[in-house]
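Trainee: One structure, pasted below without further comment.
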Amino acid sequence: MVPFGSGQFRGYYLPTSTESITLPSIWISGDWADFKSDQLLAIPFPNHVTPNEIYMRPWECYPLQKESMPTGWTRVEYPDNPNLDSHHLVTYSGIAYPAVSHVEKWWLSQQAYVHKHLQGVIVADVPHFITSIQFGCILDHQLDGFTLQGKFMIDAPSTKVYLFLFNPQVEVLDGQLTVINPPDAEKYYWAFDPAGLNQLTHKIAEDIGLPTPKFMTSPRGLYLQEEDTNLIRDFHAARGFDPESQDAAIAMGYPLVDIEAMKRSAQEASLHSKTL
């Protein structure tokens, strides 16, 4: 009973030290500039997400050449003479379609009810519903004034060099998808051999002029403007439902959100973020 298709949004790329991010979640703050990863509040989805409904997209590395390795990591061939442009590499992990559509409809059937009961804890006017995580990697060739064969590195190797990027790991626990987000230092390594068996230490890679990848994380999911939520309210009201109740969810046979558990979790997340 949702009168329009769900849209997608992408927030800014944001550094995060969180080692795991549970989906689906709602973002309980109101200012992307002040985003903290602990402001993502996990929502227990009663209909379990299965491993077959996990969405893991390979790294996009164009125009760099890439190859998926048996280890699950992605090998990126670093150019012999990188130009002055930075390379932006991205990958995604989340709940797959059509499962994500079902999860979003479940959320929309009672999001006004949740927002009503979380007022005073949620800062955002409209809670953003997060169903996937985008990982970004930036290779900035302008950080150093030389390349592997640059004039400051006369003794640098002239062989190919490869960047190996981690594959985001996921776990399913009690029907929720947890994306494992390791520390940045564990997300990559450099190697001269294409198999990646002889890893360069980060210090050696830096000493010979290889750029240090910069990793960033961006939540993605359902985006609603205030007029969208008002439209949903009007649609539910026209069907005879109280928009701020769980009547629509009950009529559609959806499991009900445990609002008391959500209130406790939101209060804990809010209090924790204020102490950081």
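Please treat every number below as a calculation from the coordinates, not as lab data. Source: prediction; values computed, not measured. Quick reminder, even Gly has a Cβ in these numbers, built from the backbone with ideal geometry, and neighbours come from all protein chains shown.
Trainee: So if we plug the beta-carbon distance of ASN198 and SER20 into 1/(1 + (r/R0)^6) with R0 = 35 Å, what FRET efficiency do we get, rounded to 0.05?
Mentor: Efficiency, rounded to the nearest 0.05: 0.70.
Trainee: Starting from the 7 Å offset along Cα-to-Cβ, what nm value, one decimal, do you get for the label separation of LYS116 and ASP242?
Mentor: With each label placed 7 Å out from Cα toward Cβ, I get 0.6 nm.
Trainee: Just want the ordering: HIS117, HIS128, HIS236, from fewest to most Cβ atoms lying within 10 Å of their own Cβ.
Mentor: Ascending number of Cβ neighbours within 10 Å: HIS117, HIS128, HIS236.
Trainee: By how many nm would the segment from GLN225 to GLN65 grow when fully extended, if each residue of separation counts as 0.36 nm and the alpha-carbon distance is taken off?
Mentor: Values: separation 160, 0.36 × 160 = 57.60 nm, distance 3.90 nm.
Going from the current span to full extension adds 53.7 nm.
Trainee: Right, another one. Per the Kirkwood formula on distinct C-alpha pairs, the Rh of the stretch 53-129 is how many angstrom?
Mentor: One over the average 1/r among Cα pairs gives 16.4 Å for the stretch 53-129.
Trainee: Something else: Under the rule of at least 5 residues apart or a separate chain, name every residue whose amide H is placed under 5 Å from the amide H of LEU118.
Mentor: none
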